[in-house]
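Asker: Below is one structure. I have some questions about it.
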Amino acid sequence: MLRKTDFYIDGAWVAPLAGQELEVINPANELPVATISLGGKEDLDRAVAAARTAFESWSRTELSERVALVGRLLEAYRARAGEMAKAISTEMGAPISFAASHQTGAGIWHMEGFLDAVKEIAFERPLRPDVPSERIVREPIGVCGLITPWNWPMNQVTLKVVPALLAGCTVVLKPSEIAPLSALLFAELVDEAGAPKGVFNLVNGDGPGVGAAMSAHPGIDLMSFTGSTRAGIAVTKAAADTVKRVALELGGKSPNIVFADADLEGAVKRGVRHCMENTGQSCNAPTRMLVELEAYESAVEIAGKVAAATEVGDPAEEGRHIGPLVSEAQFDKVQRLIESGITGGARLVAGGAGRPQGFNRGYYARPTVFADVTPQMEIWREEIFGPVLAITPFKDEAEAIRLANDTPYGLAAYINTGDRERARRVSGELKAGMVRVNSAGLAKGSPFGGYKQSGIGREGGVLGIEEFLETKAIAFGDMA
């Protein structure tokens with residue numbers, strides 16, 4: 001079993017000052033695969049001090065030097081992509097094919113996107129052509145505390161670390177203690193790329209320990225957090241006393257609107273598969289399918305068949321199957337919510353409670369579809385974070401919009417229709433940070449983030465780098 005108990009602080013791997021050992025569990029077999037340490041405030045203080053010292057020089061480097069570091073990091077990441085995929089598959093249960101193509105691939109995608117995006121940022125410019133004596137300067141905000149989740153480890157690590165470094169900030173990263181192995185490998189890659197001492201630091205820990213201490217730490221200038229809305233609220237409250245900037249990427253309960261004039265079979269199949277992807281553990285998953293009444297029963301039938309045909313399997317094996325949920329706690333939550341759907345009166349179309357046939361160990365859940373779900377039901381309102389789809393009918397466009405927006409979240413929304421004008425109208429009415437029509441993909445560098453309780457700020461591309469910049473206005477008067 002691996003022992004990964006050291007932290008990466010000030011350019012070196014160091015033993016924790018206040019470490020408590022924790023086993024990392026493989027969700028496929030419920031067996032420990034590694035031991036890490038959960039740090040404490042003393043470890044965080046050491047990392048913040050290193051980052052503050054490094055900020056004095058790193059913030060003054062030429063942009064070309066920062067770009068070169070990220071370029072070297074990208075090459076090191078590509079060279080060890082196979083190791084990264086294995087680490088992600090082992091720690092959080094993503095099937096190895098998916099871990100390689102999507103999970104690990106997301107890190108490459110974002111690094112490439114940021115290297116393009118940074119060319120578009122004017123770090124210094126005149127306020128307006130008619131006011132050449134006033135300059136607008138964009139400067140790095142300082143030391144950044146980064147807390148990343150377990151469901152898309154490298155997606156979120158690269159969405160935070162890379163733009164911060166390009167902006168000229170220094171960072172302290174706390175990855176999820178449930179899935180820390182990929183982040184520890186990422187720290188090795190940062191070291192291999194030649195990052196100056198203190199520019200990047202990693203301290204493992206849990207939310208109540210290191211996470212809370214980061215949010216309240218006076219030496220941290222910005223907190224960037226991805227995770228549950230409940231935890232995001234806690235981060236914001238803890239950060240308030242030091243009035244630091246907070247960026248949040250939180251939960252979702254994304255609607256997928258299917259109009260009767262859409263390619264029904266294609267729209268429903270894509271929607272179900274997207275919902276089940278990553279075993280449903282994606283904040284932007286289309287987990288509420290809203291179907292126009294005249295196409296409703298056909299859509300329910302298609303969705304049931306697609307879910308029933310969704311294979312569940314060992315994440316160590318190649319293939320297009322889905323793997324286990326990440327942990328016992330997540331498994332228990334998903335099972336409770338499936339039971340809630342059944343007892344709450346929703347029509348069970350596919351799946352249900354318990355493990356799939358052939359599994360008596362591991363945190364595997366059955367791909368599940370409920371129909372006739374109403375807004376009063378828990379499975380309509382709660383972010384399940386498992387392979388569970390809720391379907392409900394609507395009678396017209398106005399009702400579709402009302403139902404889609406009937407959620408405290410506003411991360412993503414999906415529309416399926418053959419009417420271009422309708423797509424424009426409806427997309428304009430949806431309270432979501434990202435709207436995709438007829439399964440259109442988002443381009444590299446698109447801003448990722450949401451409305452309402454789905455968060456504050458945007459990640460990715462130009463806006464993702466600007467999250468880590470302060471704005472200064474400098475007006476020059478007459479010189480003697």
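Computed from the coordinates by the stated procedures, all read-outs in this text should not be read as laboratory data. Remember, it's a predicted structure, so these values are computed and weren't measured experimentally. When we count neighbours, we look across all protein chains shown, and the Cβ atoms used for this are built from the backbone with ideal geometry, even at glycine.
Asker: How big is the chain in terms of Cα radius of gyration and Dmax, in angstroms?
Answerer: 23.0, 85
Asker: What ranking do ARG138, ARG125, ARG288 get, fewest neighbouring Cβ atoms within 10 angstrom at the top?
Answerer: Listing ARG138, ARG125, ARG288 from fewest to most nearby Cβ atoms yields ARG125, ARG138, ARG288.
Asker: Given the rule -39500 (n - 2.57) for each run of at least 4 DSSP H residues, summed and divided by the residues of the chain, what is its mean residue ellipticity at 222 nm, to the nearest 500 deg cm²/dmol?
Answerer: Roughly -11000 deg cm²/dmol at 222 nm, from the helical runs in the chain.
Asker: Can I ask one more? If I model segment 255-443 as equal point scatterers sitting on the Cα atoms and use the Debye formula, what is log10 I(q)/I(0) at q = 0.18 Å⁻¹?
Answerer: Log10 I(q)/I(0), no solvent term: -1.17.
Asker: Take the alpha-carbon centre of segment 331-345, take the same for segment 445-480, and report the distance between them in whole Å.
Answerer: Cα centroid to Cα centroid, the span is 41 Å.
Asker: Distance cut-off 31 Å, Cα to Cα: go down the list LYS244/LYS333; LYS4/LYS41; LYS119/LYS174 and report the pairs above it.
Answerer: Exceeds cut-off: LYS244/LYS333.
Asker: Something else about it: Taking the Cα centre of segment 334-462 as origin and charging only Cβ (+1 Lys, Arg; -1 Asp, Glu), how large is the dipole, in debye to the nearest 20?
Answerer: 360
Asker: If you line up the long axis of helix 153-167 against the longest principal axis of the chain, both from Cα atoms, how many degrees apart are they, to the nearest 10?
Answerer: Result, in degrees: 30.
Asker: Hey, quick one: spin label on ALA353, modelled 7 Å out along Cα-Cβ, who in segment 312-340 has an amide N within reach, i.e. under 15 Å?
Answerer: Under 15 Å, as judged by backbone N against the label point of ALA353, lie 331-340 of segment 312-340.
Asker: For the pair ASP191 and ASP45, what calculated FRET efficiency results from E = 1/(1 + (r/R0)^6), where r is the Cβ-Cβ distance and R0 = 22 Å, to the nearest 0.05?
Answerer: Efficiency, from the Cβ-Cβ distance: 0.55.
Asker: Based on the mean of other Cβ atoms within 10 Å per residue, sort peptides 182-189, 214-221, 264-271, 13-20 so the most packed one is first.
Answerer: 182-189, 214-221, 264-271, 13-20
Asker: Another question, then. Taking the Cα centre of the chain as origin, work out the dipole magnitude from +1 charges on Lys and Arg Cβ and -1 charges on Asp and Glu Cβ, in debye rounded to 20.
Answerer: With only Lys, Arg, Asp and Glu charged at Cβ, the dipole is about 280 debye.
Asker: Have a look at the DSSP beta bridges in the chain and tell me what percent are antiparallel, nearest 5.
Answerer: Antiparallel bridges make up about 40 percent of those DSSP assigns within the chain.
Asker: Treating the angle as unsigned and between 0 and 90°, give the value, to the nearest 10°, between the Cα long axis of helix 328-343 and the longest Cα principal axis of the chain.
Answerer: 30
Asker: Let me ask another. Would you work out the charge dipole size for segment 255-443 about its Cα centre, treating the Cβ of every Lys and Arg as +1 and the Cβ of every Asp and Glu as -1, and quote it to the nearest 20 debye?
Answerer: Magnitude of the dipole: close to 260 debye.
Asker: If you fit an axis through the alpha-carbon atoms of helix 296-309 and take the longest principal axis of the Cα set of the chain, what angle between them do you get, 0 to 90°, nearest 10?
Answerer: 70
Asker: Output the peptides 338-351, 403-416, 223-236 sorted from most to least packed, where packing is the average of other Cβ atoms within 10 Å over each peptide's residues.
Answerer: With the highest mean Cβ count within 10 Å placed first, the list reads 403-416, 223-236, 338-351.
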